[in-house]
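This report concerns only the one structure given below.
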Amino acid sequence: SVYGAANQVPFSEDQRIDRPISPYAATKVAGEALCHTWHHLYGIPMVLLRFFTVYGPRQRPDMAFHRFMRSMLKDEEIEVYGDGSQTRDFTFVTDAVEANLLAMHCARPGAVFNIGGGSRVMLKEVLDTIQDIAGRRARMKYLPGQRGDMKHTMADTTRAQGELGYRPRVELKTGLKAQWEWLQAFYR
């Protein structure tokens with residue numbers, strides 16, 4: 001979100017982040033500025049990880065994949081904002097946890113790292129994959145795009161790979177299957 005309306009993907013940690021397009025993104029940019037300030041003034045060691053669309057079991061119920069899958073379980077319409085052509089770099093939760101552990105032990109204080117899943121996928125493709133995993137077709141309700149929502153995201157993880165040894169391990173279909181299985185048990 002900190003990259004705002006930037007059209008250049010994948011996003012590099014060296015790109016400007018001073019033009020957020022949503023209140024959520026503005027809080028992320030402000031949080032990073034505060035961390036850098038405390039690091040500079042008082043030497044407090046900090047490392048910033050910029051996560052790209054984390055998903056998986058135990059995902060918050062307001063997040064897209066949780067909402068999509070819950071709607072399928074309850075045979076309700078899936079509300080899709082926009083036309084589904086938007087793309088995201090989805091990161092499975094265990095890959096995000098691994099990035100935190102690597103950063104805690106390996107990162108240089110003051111560093112910033114993008115943490116992504118390693119591919120850019122269209123939302124329509126994600127919905128098709130969820131339907132395949134569930135073994136049923138969903139009813140879609142397309143709504144206007146949300147204001148402040150980015151059209152495309154993708155992390156350039158070169159720095160995280162080089163300095164931390166970060167490598168995403170869970171492919172999207174595998175991660176979605178794990179989330180579907182967890183949600184089925186959760187909503188029984």
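The values are calculated or read from the model by the stated rules, or taken from the named source; none is laboratory data. Note that the structure is a prediction, hence the values are computed from the model and not measured. Cβ atoms come from the backbone with ideal geometry, glycine included; neighbour counts cover every protein chain shown. Side chains included, ligands, DNA and RNA excluded: accessible areas come from the protein's heavy atoms. Shrake-Rupley method; radii C 1.70, N 1.55, O 1.52, S 1.80 Å.
Please specify each residue of the stretch 159-168 satisfying the condition of being loosely packed, with under 13 Cβ neighbours inside 10 Å and either in contact with a His (Cβ under 7 Å, 6 or more places away or on another chain) or in contact (Cβ under 8 Å) with a residue 60 or more places away in the chain (or both). Within the stretch 159-168, GLY165 is the sole residue that qualifies. Only one of the numbered conditions (1) in a helix (DSSP H, G or I); (2) without any contact (Cβ under 8 Å) to a residue 60 or more places away in the chain; (3) among the β-branched types (Val, Ile, Thr) is violated by VAL2, and that is (1). Restricting attention to the stretch 58-82 and to residues that are touching a Leu at 6+ places or on another chain (Cβ under 9 Å) and charged (D, E, K, R), the residue that is nearest to ALA155 (Cα to Cα) turns out to be GLU79. Here GLU77 meets each of (1) surrounded by 14 or more Cβ atoms within 10 Å (Cβ to Cβ); (2) touching a residue at least 24 places away in the same chain (Cβ under 8 Å); (3) touching a helix residue (DSSP H, G or I) at 6+ places or on another chain (Cβ under 8 Å); (4) within 23 Å of PRO144 (Cβ to Cβ) with one exception, condition (1).
For the stretch 109-158, residues that are touching a Gly at 6+ places or on another chain (Cβ under 6 Å) and open to solvent by 30 Å² or more (accessible area, probe 1.4 Å) total 2. Take ASP18 and decide whether it is assigned to a loop (DSSP other than H, G, I, E, B), more than 28 Å from ARG169 (Cα to Cα) and in contact (Cβ under 8 Å) with a residue 24 or more places away in the chain. Judged against the criteria, ASP18 is not a match. A residue that is closer than 22 Å to GLY31 by Cα, touching a residue at least 40 places away in the same chain (Cβ under 8 Å) and out of contact with any Lys or Arg (no Cβ under 9 Å at 6 or more places or on another chain) cannot be found anywhere in the stretch 122-135. When the stretch 34-74 is limited to residues that are assigned to a strand (DSSP E or B) and hydrophobic (A, V, I, L, M, F, W, C), the one that is least open to solvent (accessible area, probe 1.4 Å) turns out to be LEU48.
Going through (1) more than 15 Å from MET72 (Cβ to Cβ); (2) more than 11 Å from the chain's Cα centre (by Cα); (3) not charged (D, E, K, R) one by one, VAL126 falls short only on (1). Against the numbered list (1) touching a residue at least 24 places away in the same chain (Cβ under 8 Å); (2) under 14 Å from the mean Cα position of the chain (by Cα); (3) open to solvent by 50 Å² or more (accessible area, probe 1.4 Å), ASP89 comes up short only at (3). The residues of the stretch 1-33 that are of a type in the set (D, E, K, R) and either open to solvent by 50 Å² or more (accessible area, probe 1.4 Å) or farther than 22 Å from GLY110 by Cβ (or both), listed by number, are ASP14, ARG16, ASP18, ARG19, LYS28.
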